[in-house]
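Here is the structure we will look at, set down as structure tokens.
The values are calculated or read from the model by the stated rules, or taken from the named source; none is laboratory data. Only a predicted model underlies this, so the values are computations on that prediction, with no experimental measurement involved. Heads up, the Cβs are rebuilt from the backbone with ideal geometry, glycines too, and the neighbour counts pull from every protein chain shown.
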Amino acid sequence: MPVRFEAGADAGPDKLSRQVTRYALAADGANLGLDVAGVADASLQVDSLFRLRNVDSDPHAITLSAPAVNDDGIITFTMVLRDGAGAAGVLDLRTGLPLNLTLAPGEVLDAALTLTLADGAAVNATVPLRLDVDPV
């Protein structure tokens with residue numbers, strides 16, 4: 001696969017809090033599964049949860065998607081993808097809407113996760129991320 005998921009700098013078990021209870025990269029690099037446990041009245045911020053890397057010499061259009069996470073206790077549940085110049089796109093996990101981007105040859109995007117809960121809320125969410133890749 002010319003563009004694939006990779007573990008981010010903050011994805012190791014020594015970096016993730018007990019709030020990310022499962023982190024599973026598929027061998028083909030096209031899927032990433034997460035279980036996120038939000039503690040009541042807390043926020044979770046992971047600066048480099050995963051990376052998307054274009055290992056090809058051609059640009060590729062990508063679609064990053066996940067089903068909507070519907071829970072009234074969630075205020076914010078986003079993944080912000082950043083390149084060297086700043087934010088390249090935002091995947092809002094509450095909506096289920098896909099994120100479409102184009103990655104240049106060799107480009108790497110880092111994904112930061114933010115989960116903010118309402119007062120008194122606690123959440124357990126399973127997030128199956130899918131990556132679809134097409135030539136430009």
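Tallying residues that are of a type outside the set (Val, Ile, Thr), within 30 Å of Ser57 (Cβ to Cβ) and free of Cβ contacts under 8 Å to residues at least 60 places away in the same chain within segment 96-136 yields 9.
Selection within segment 116-127: residues that are in a strand (DSSP E or B) and surrounded by 13 or more Cβ atoms within 10 Å (Cβ to Cβ). The member of this set that is modelled with the highest pLDDT is Val127. Here Ser48 meets each of (1) farther than 15 Å from Leu109 by Cβ; (2) polar (S, T, N, Q); (3) touching a Gly at 6+ places or on another chain (Cβ under 9 Å) with one exception, condition (1). Here Ala9 meets the list (1) closer than 17 Å to Thr114 by Cα; (2) touching a residue at least 60 places away in the same chain (Cβ under 8 Å); (3) not in a loop (DSSP other than H, G, I, E, B) almost entirely, failing just condition (3). Of everything in segment 27-79 that is over 17 Å from Pro128 (Cβ atoms), of a type in the set (S, T, N, Q) and loosely packed, with under 15 Cβ neighbours inside 10 Å, the residue that is modelled with the highest pLDDT is Ser57. Name the residue that is modelled with the highest pLDDT, counting only residues in segment 1-14 that are farther than 24 Å from Thr102 by Cβ and within 16 Å of the chain's Cα centre (by Cα). Here the answer is Asp10.
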